[in-house]
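None of the figures in this text is laboratory data; all of them are computed from the coordinates on show. Because the structure is a prediction, the values reported are computed rather than measured. For neighbour counting, all protein chains shown are included, and Cβ atoms are generated from backbone atoms with ideal geometry for every residue, glycine included.
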Amino acid sequence: MPSLQFPLQESLYAEHLSVLQRGYERVLEQHGYACAVVLSGQPLRKSMADDQYWPLRITPHFAHWLPLQSPGCALVVQAGQRPRLLWWQCADFWEGPPEPASLLWREHLTVETYTDAEHLLRQLPRPAALWLGDDRELATLGDPDPDAERRLRAVRDLDELRVHKTPYEVECLVHANARAAAGHQRVRLAFASGDCSELDLHLQYLLATSQDDPETPYKNIVALGHHAATLHHVAYGKRPGQAQSLLLDAGATFLGYHADITRTWIKGDGAAADVFRALIDGVERLQLALCDGATAGRNYQDLHDQAHLHIGVLLRDLGIVHSSAEESVAKEVTFALFPHGLGHSLGLQTHDVACARIRPRADNPYLRTTRLIEPGMALTVEPGVYFIDALLQPLRHGPQAALLNWPLLQALAPFGGVRIEDDLIIGSGPQGLRNLTREVLPQGGGAA
Ligand code: GLY
Ligand code: MN
Ligand code: MN
C-alpha cells in the first residue's frame, strides 16, 4: 500500500496546476468574471442544539486544486497570478483539523494563514468574483452573483475540467485503487476462512486500508448472502452467519481521489452454489469484455445496452431464463435482474460530474454516463445480476412469468447477487486502456 506521506512526483502536480489554471482562466474570461474564490467548506452540524459536527468532506472544487482537508479555507484564482490560499488555522482547543496527507502543493501557491473569520471576509475579492463552495457556506460568506444563470453556466464549464483526468489525477486514482485492493484482499481471506459478520468484514477493510469510516469515498457495501440483493446494503449484520456469498463494494481515497471497486465471492458446496459460481464466472467474463469495449469514440449508453444483451445470453445459458437475450431485453427481464446503470465517471466524487448532461433513456433511468467515451476519462464498468424480490414479483404475476425459471431463482435468492466493478482510464486506442483495478486485483470474483 502506498504511504500517504509519500508525495507524488511534484512535476505531475505542477503540470496539473497549470492545466487547471489555464482552464479556469478560460472559463472566467468567457463568462466575464475577474477571479474565482474557491471555498473548502464548513462542517455540518449533526443536529440542532448540539455541538457535534459531521466530518468535513472538502468541496470538490477546492479538492481539485489541492488535497487540504481543512475547513474555512479559500483559494483565490486569477488570471496571470499564482493561486492564493487563505488557510484557516484552527485556534480552538476542542477541535483540530487532520494532518495534511501531503504538503507538496505548498511551494506552488501563495499561502497566507489566518485565524479570524473577519480577516477572511476582508481579504476576499468581492466584486466580479465567481464563488464556488457548498451552498450553505456561500449563503453566509459569499457575494451571490445576481446573474444566477451566468454562474450556473460557468460552473458547468468548470465541471468539464474534471472529466478528462490529468496525469496527476490518474496517479491519484492508481494509488486509491492500490489502497482499496489491500482491503479487498483482507476481506476475501476473512470471508474464506471463517464466519464473520458484515460488521467484522467492514472493520477489517478499514484496518487493511488504514481508513476511518468517513475517509472512505462512500459507505462500504458489505453484503453477505441475500443482503447483496439490497444494492446499497450498509446496515451491517453484527452476528456471524453461514452465508456462502459475499458482495463487497468498497473503495479508498488518495489525495481526494476515489477508487470504487466491487468483488463477489462464493464458498462451500451445493447445486445452487454451483450455479451461483457459474454466474460469477459469467459476469466476470462479460465484465472484462465490456471493459475492453470502453473505447474512445463509443457512446457509453451503447455499452450499457450491450451489457443487457450479454446478461441476457448468460441468464439463458445458465437456465435462469428461458427466453433469448433479445427477448429478455425487450421484455425488461434483464432490467429486473440488472436494474442499475453500467457505470459512471470517477474522480473527486465517486459519481463524478458532467457525464450525464444528456438524460438517459427512460428504459435505463439510472445510467449516470450518457456521453461519448473520450481519452483521459476515468469510468467504472460494473455489471451485475441480482435476485431482488421487489423487481421479480411483478414479473411472476405478469406476462413475462413463463420466461423465467422460478424454482432456480428461488434457489439462488439466498446468494443475493453478483457485481464486479473496475475503474478504467480511457486511452487513445484499444491499447491505451488502463484497468487500474485489475492492475492490483486481477480477479473479479469466484471461489473465495
Ligand atoms: N459504490 C457506488 C457505485 O458503485 O456506484
Ligand atoms: Mn460505481
Ligand atoms: Mn461501487
Per the charge dipole of the chain (beta-carbon charges, Lys/Arg positive, Asp/Glu negative, Cα centre), the residue among His175, Leu433, Tyr236 reaching farthest to the positive end is Leu433
Anything in the chain that counts as a DSSP H helix reaching 27 Å or more along its axis (C-alpha) with Kyte-Doolittle mean of at least -1.0? List them, would you? 10-31, 167-193, 271-293
Using distinct alpha-carbon pairs, which all enter the 1/r mean, Kirkwood radius of the stretch 1-120 in Å: 15.8
Please give the direction-averaged projected area of the C-alpha convex hull for the chain, in square nanometres with one decimal. 23.1
Taking neighbour Cβ counts within 10 Å as the exposure measure, how do Cys35, Cys90 sort from fewest upward? Cys90, Cys35
What size of dipole, in debye to the nearest 20, comes out for the stretch 49-111 about its Cα centre when the only charges are +1 on Lys and Arg C-beta atoms and -1 on Asp and Glu C-beta atoms? 440
Let me understand the stretch 215-372 better: what is its radius of gyration from the alpha carbons, and its Dmax, in angstrom? 16.7, 48
Of Tyr257, Ser197, Gln185, whose Cα points farthest to the positive end of the dipole of the stretch 185-260 (charges on the beta-carbon: +1 Lys, Arg; -1 Asp, Glu; origin at the Cα centre)? Ser197
Dipole size in debye (nearest 20) for the stretch 258-409 around its Cα centre, Lys and Arg Cβ +1, Asp and Glu Cβ -1? 280
Hey, got the dipole for the chain? About the Cα centre, +1 on K and R Cβ, -1 on D and E Cβ, debye to the nearest 20? 480
Where both partners of a DSSP beta bridge lie in the chain, what percent of those bridges are antiparallel, to the nearest 5? 75
Normalising by the residue count of the chain, find the relative contact order in percent from Cα pairs under 8 Å and 6+ residues apart. 15
Counting other C-beta atoms within 10 Å, which of Lys165, Lys267 has the fewest, and how do the rest follow? Lys267, Lys165
The residues Glu25, Glu169, Glu198, sorted from fewest to most surrounding Cβ atoms within 10 Å, come out as Glu25, Glu169, Glu198
If the cut-off is 26 Å between C-alpha atoms, which lysines fall inside it for Lys267, apart from same-chain ones fewer than 8 positions away? Lys219, Lys238
